[in-house]
């Protein structure tokens, strides 16, 4: 913010009371050439149309889901983002969730905190090793490939699926998402949430993943407004409503965004 203030005259809409924002925008609109926002706030088409001199919308973040791209395109307004700014952090979180699910860290933590170990209860299954298991990655963009690199030292077999093959990748590509699930012990979702991928992780995919295997969502956390949200990839009503399916293929780890939007899904 200091760098912006040093080079430009900045008008902070977020500091204005909601009831006064329309008047504020009308007052400064003729002088506004650029808008700086984030992936969660974005900018609406109405606000863009209210800024006649607007030339650029700069998004501090990866997602542009909350930006009205159709209006920007129609008005020849450039839209920029900051790819890779969160790639490492999200990949780290995906690994943390995967290891927590694999090693049953949450369940073992509850076991210790409950005092069950003092009562002689010892019905916990020994956590398995990742080594030798197959990890499937749905969505092999920046985050998916970064997750794959972090998994290599763990001695796992890697596979991925997305509609377009990744040139030069040594990781085998499955023929379909269903084939990827059937071949995987762990499924990490790194696909972008679009209308095309909405509900992709449905009951059929989870059944293919099979008993005792783990589905884990490690996608980039972007808030969506009017369109499909991240987490929608696995929010099929048939999945959430099926107790039998939950027993066969439990959701063992999700990103904070997915957990917040579907807090009642069973996770270990």
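A few comments on the model shown:
- Considering the range 203-219, and only residues there that are part of a loop (DSSP other than H, G, I, E, B) and crowded, with 17+ Cβ neighbours inside 10 Å, the residue that is modelled with the lowest pLDDT turns out to be 219.
- Qualifying residue in the range 135-143 (condition: under 30 Å from residue 37 (Cβ atoms), in contact with a strand residue (DSSP E or B) (Cβ under 9 Å, 6 or more places away or on another chain) and free of Cβ contacts under 8 Å to residues at least 12 places away in the same chain): no
- Of everything listed in (1) in a loop (DSSP other than H, G, I, E, B); (2) in contact with a strand residue (DSSP E or B) (Cβ under 6 Å, 6 or more places away or on another chain), the single unmet condition for residue 128 is (2).
- So residue 47, is it over 30 Å from residue 125 (Cα atoms) and over 25 Å from the mean Cα position of the chain (by Cα): yes
- Matching option when the condition is at pLDDT 90 or above and closer than 30 Å to residue 45 by Cβ, among 155, 139, 168: 139
- Any hit, the range 105-120, residues being outside any helix (DSSP H, G or I), at pLDDT below 90, assigned by TED's automatic domain parsing to the domain that holds residue 187 and more than 18 Å from residue 39 (Cβ to Cβ): yes
- Unique residue being farther than 29 Å from residue 190 by Cα and surrounded by fewer than 17 Cβ atoms within 10 Å (Cβ to Cβ) when the list is 83, 18: 18
The values are calculated or read from the model by the stated rules, or taken from the named source; none is laboratory data. Nothing here was measured: the structure is a model prediction, and the numbers come from that model. Cβ atoms come from the backbone with ideal geometry, glycine included; neighbour counts cover every protein chain shown.
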